[in-house]
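K.L.:
Have a look at this one.
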Amino acid sequence: MRAACLAEARKSFGTTKALDGLDLEIEEGEVLGLIGPSGSGKTSAAKALVGLLKPDSGLAEVYGRTMPSREALSRVGYMAQSDALFDDLDARANLRYFASLQGLRGPAARERIEACLELMELEGDSGRPVRGFSGGMRKRLSLAIALVHSPSLLVLDEPTVGMDPRLRMRMWERFRSLAAAGSAVLVTTHVMDEAERCDRLALIFDGRRIASGSPCELRAESGAASLEELFLRESP
Amino acid sequence: MRRALAIAARVLDQLRRDPRTIVLVLGAPLLVVFLLHEVVESGSPEPRIAVVGSDRLAEAIRGEAEVLRPESAQAAAAMLERGEADATVELDEAAGLLDSSPAVSVDAADPSASAAALKALRDGLSDYARASLPAFAKAAAKAATPRISYVNGSPDETAFDYLAPVVLCFLVFFFTFILAGIAFLRERSTGTLERAFAAPLRRRELVGGYMLGFGLVAAVQTAVIQLFVVLVYRAPNAAGFLPALAIDLSVAFAALAMGLFLSAFASSEFQMLQFIPLVIVPQVLFAGLFDLRSGPSWMRVAADFFPLTYAGNALRDLMIRGRSLASVLPDAAALLAFGAAFLALAVRGLARYRRDE
């Protein structure tokens, strides 16, 4: 079943076109990779899906509702490129705040907060102010916040930037297991070995989708030996 | 509503973990009030007056000022020149007031010192006149002495008492504006604001949460300052504690709304501080520290657009003149209207994050 889609989405900031008629679909149970060079519109696409950016024209839909819809948002977990954490609060207080914005309360909230801390291996540091966290820890906490209300659609904007290879591998295992459990996961990246781990890829350039399909299909179609080569060839 | 409470709780949680800011919010106003009290109440030094000629005039002035007795008019002029005296007066004892008039010179460099010297001179001269004039003139002088009664306070009221209400509302305004503005700005720049809008949060819930959290801070702060001013410095508080608190909370409301709205136009903490000379200093100048009645008319019109004008009026009416809260309702309404207008603008300004309402 379709979790979310963009259809003919256009958005310009002054003379720059961030989205230029972008089409995108995400199905439940898959990891969709959004790849493209810096400034190609990946972040704008992610923001349009979570209702933080309203397209000038075209459609942004999540679970059949036009975004921004507060009802749909309670099923969406979003992680921006910036960590967006309160430095003066500890990890648990950060989680508690965002959980309460999602309407979680009482024992149910506590249970989810502890589960997410554990999932991101932050239990031991949960009482420390975030100010002292390393880049990797901040990313993990940010991801824990995106997961705290058990969303069925995850929109993750460059979630693994700044992570060491081991941590990055573990994160991808998490994304895969979330998809296996039926969630839809959208990940933007420009790391090609991460693209290989996606079920499907959408290659975007200048706010338009220029290719899409599974990593194998994309390679076969283009005759490129690797996604890297395809990426370099497709982006003029 | 629950989400607004969550935001208020988080704002307070952040403050709780920042003891330095708590000390600043509660301690700095007390320090300012203390310094103001010391400066305003320290009084001015006794004027020094050089009297040439009449001994009886010198005696009469001695009660009002420090009297110097130079040998000659030239010596007196030299003292004035060197700054050893604030004024000189020359009167021929033998001729008296009926046949000659006193010649007075005043050092004009410091207006407050020369005003004090002139007042002392006038008082001394009138004492001297009363003592030396014939009986019919004494009767005339007595007839001209008015009987004075006081309304709206007592003659014991000091300059500090008069300034205290204005300073009180200024401090509440200043701290609330800066604290809320910077906190909101930080949320914008770190992305936590955007992240909050990735949750099903309404714009008015966010703004409401901020109002609640910082409103509570302002309530504690204004209570502390008010108690300090009234209990320690015995400033008049004729209408009682709660009406003044209500006005100060309206001030905090207006300051909060202005801070939230204006923080959208600042991209760094430094730019937020740049609003101080634009938004805060003019308000202080126009809010009742100085009497604007004789100023140009644009000044009085401008004062009408500053929330602190209404706050200062209302607090003086309550604390000094002892009027009831009902009688200052128009001022309170103006404050709340300012707050509501800026609040609406602040909510509108958040439309770039969320447009579904």
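K.L.:
Quick one: would you say residue A:70 is closer than 19 Å to residue A:150 by Cα and at the interface with another protein chain (Cβ under 8 Å from one of its Cβ atoms)?
P.N.:
Yes; evaluated as a whole, the condition is true for this residue.
K.L.:
Can you tell me which of (1) within 14 Å of chain B (Cβ to nearest Cβ); (2) surrounded by fewer than 18 Cβ atoms within 10 Å (Cβ to Cβ); (3) in contact (Cβ under 8 Å) with a residue 24 or more places away in the chain is the one residue A:62 doesn't meet?
P.N.:
Here residue A:62 meets the rest and fails (2).
K.L.:
Right, another one. Are any residues in the range B:60-75 assigned to a strand (DSSP E or B) and out of contact with any helix residue (DSSP H, G or I) (no Cβ under 6 Å at 6 or more places or on another chain), and if so, which ones?
P.N.:
B:66, B:68
K.L.:
Can you tell me which condition residue A:89 does not meet? The list is (1) within 8 Å of chain B (Cβ to nearest Cβ); (2) at negative phi; (3) surrounded by 22 or more Cβ atoms within 10 Å (Cβ to Cβ), and all the others hold.
P.N.:
Looking at each condition in turn, residue A:89 falls short on (3).
K.L.:
Next question, about the same structure. Taking the criterion of being within 14 Å of chain A (Cβ to nearest Cβ), farther than 20 Å from residue B:250 by Cα and either over 20 Å from the mean Cα position of the chain (by Cα) or of a type outside the set (S, T, N, Q) (or both), would at least one residue in the range B:287-309 satisfy it?
P.N.:
The answer is no, given that none of the residues of the range B:287-309 is within 14 Å of chain A (Cβ to nearest Cβ), farther than 20 Å from residue B:250 by Cα and either over 20 Å from the mean Cα position of the chain (by Cα) or of a type outside the set (S, T, N, Q) (or both).
K.L.:
Would you check if residue B:50 is within 14 Å of chain A (Cβ to nearest Cβ) and buried (at least 18 other Cβ atoms within 10 Å of the Cβ)?
P.N.:
no
K.L.:
Only residues that are farther than 30 Å from residue B:172 by Cβ, out of contact with any Lys or Arg (no Cβ under 8 Å at 6 or more places or on another chain), in a helix (DSSP H, G or I) and not basic (Lys, Arg): list them for the range B:31-59, please.
P.N.:
Listed by number, the residues that qualify are B:55, B:57, B:59.
K.L.:
Identify, from the list A:53, A:85, A:95, the residue that is in contact (Cβ under 8 Å) with a residue 24 or more places away in the chain, under 30 Å from residue B:17 (Cα atoms) and either in contact with a His (Cβ under 6 Å, 6 or more places away or on another chain) or assigned to a loop (DSSP other than H, G, I, E, B) (or both).
P.N.:
Result of the check over A:53, A:85, A:95: A:85.
K.L.:
Yes or no: the range B:26-45 includes at least one residue that is more than 33 Å from the chain's Cα centre (by Cα) and surrounded by fewer than 16 Cβ atoms within 10 Å (Cβ to Cβ).
P.N.:
no
K.L.:
Just one of the numbered conditions (1) in contact with a strand residue (DSSP E or B) (Cβ under 7 Å, 6 or more places away or on another chain); (2) free of Cβ contacts under 8 Å to residues at least 60 places away in the same chain; (3) within 14 Å of another protein chain (Cβ to nearest Cβ); (4) small (Gly, Ala, Ser) is not true of residue A:80; which one?
P.N.:
Condition (2) is where residue A:80 drops out.
K.L.:
I'd like the full set of residues that are over 14 Å from residue A:36 (Cβ atoms) and touching a helix residue (DSSP H, G or I) at 6+ places or on another chain (Cβ under 9 Å), limited to the range A:185-220.
P.N.:
Step one: of the range A:185-220, the residues over 14 Å from residue A:36 (Cβ atoms) are A:185, A:193, A:196-197, A:199-200, A:213-217, A:219-220.
Result: A:185, A:193, A:196, A:197, A:199, A:200, A:213, A:215, A:219.
K.L.:
Condition first: touching an Asp or Glu at 6+ places or on another chain (Cβ under 8 Å), within 8 Å of chain B (Cβ to nearest Cβ) and within 27 Å of residue B:202 (Cα to Cα). Can you find one or more residues in the range A:12-30 that meet it?
P.N.:
Applying the first criterion (touching an Asp or Glu at 6+ places or on another chain (Cβ under 8 Å)) to the range A:12-30 yields A:12, A:17, A:20-23, A:30.
Then drop every residue that is not within 8 Å of chain B (Cβ to nearest Cβ), which leaves none.
No, the conditions are met nowhere in the range A:12-30.
K.L.:
List pairs: first residue in the range B:264-288 and over 21 Å from residue B:303 (Cα atoms), second residue β-branched (Val, Ile, Thr) anywhere in the structure, Cβ distance under 6 angstrom, at least six positions apart or on different chains.
P.N.:
Here the result reads B:269/B:182; B:272/B:182, each pair linking the range B:264-288 to a residue that is β-branched (Val, Ile, Thr).
Every number in this text was worked out from the coordinates using simple rules, so none of it is lab data. Only a predicted model underlies this, so the values are computations on that prediction, with no experimental measurement involved. Here Cβ is always computed from backbone atoms with ideal geometry, including for glycine, and neighbour counts include all displayed protein chains.
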